[in-house]
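Q: Shown below is the structure under consideration.
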Amino acid sequence: GDPWDPETTVGPMIRPDHRDRVRSFEDDALADGGRVLLRTGPPLPDKGWYVEPVLLGGLPHRAAAVQQEIFGPVAVVVPFAATDVAVRLANDTA
């Protein structure tokens, strides 16, 4: 919806190429063996550059969705067993 409306939960991407870039992270993640853990939100408007919010998991650490900032409503779950492992994983990104 309108990004200035307080009731809006998902706003549009700034340009169509940005929408396509954000969507490509999900496509690439699924091609890398990842899976959709959660897809939520109301139906998106037909008009505009919207991306449906999605939570991804099961990705290898080398996957683009793990390694890069997406700048869209796509999040990745990366499990870890200990704090030192979390720090090592976080430091092992560009």
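Q: On the given criteria, is residue 86 out of contact with any strand residue (DSSP E or B) (no Cβ under 7 Å at 6 or more places or on another chain) and assigned to a loop (DSSP other than H, G, I, E, B)?
A: When the stated conditions are applied, residue 86 does not pass them.
Q: Pairs under 6 Å by beta carbon, first residue over 21 Å from residue 11 (Cβ atoms) in the stretch 70-94, partner part of a loop (DSSP other than H, G, I, E, B) and among the aromatic types (Phe, Trp, Tyr), six or more apart or different chains?
A: Filtered contacts from the stretch 70-94: 86/80.
Q: Counting only residues that are of a type outside the set (Gly, Ala, Ser), in contact with a helix residue (DSSP H, G or I) (Cβ under 6 Å, 6 or more places away or on another chain) and either open to solvent by less than 60 Å² (accessible area, probe 1.4 Å) or touching a residue at least 60 places away in the same chain (Cβ under 8 Å) (or both), how many does the stretch 13-53 have?
A: 3
Q: Hey, another quick one. Give the residues of the stretch 66-82 that are part of a loop (DSSP other than H, G, I, E, B) and open to solvent by 40 Å² or more (accessible area, probe 1.4 Å), sorted by residue number.
A: The answer is 68, 69, 71, 77, 78, 79, 80, 81.
Q: Just need a number here: residues in the stretch 70-94 that are farther than 18 Å from residue 36 by Cα and either in contact with a Gly (Cβ under 8 Å, 6 or more places away or on another chain) or not hydrophobic (A, V, I, L, M, F, W, C) (or both).
A: 6
Q: Which one is nearest to residue 45 (Cα to Cα), of the residues in the stretch 1-10 that are in contact (Cβ under 8 Å) with a residue 24 or more places away in the chain and of a type outside the set (A, V, I, L, M)?
A: The extreme case among them is 1.
Q: Next question. What are the residues in the stretch 54-65 that are open to solvent by 40 Å² or more (accessible area, probe 1.4 Å) and within 12 Å of the chain's Cα centre (by Cα), if any?
A: Residue satisfying the conditions is 55 alone.
The values are calculated or read from the model by the stated rules, or taken from the named source; none is laboratory data. Since the structure is predicted, the reported quantities are computational estimates derived from the model, not experimental observations. Counting neighbours? That spans all protein chains shown, and the Cβs are built from the backbone with ideal geometry, glycine included. Note: accessible area is taken over every heavy atom of the protein model, side chains too, but ligands, DNA and RNA are not part of it. Shrake-Rupley method; radii C 1.70, N 1.55, O 1.52, S 1.80 Å.
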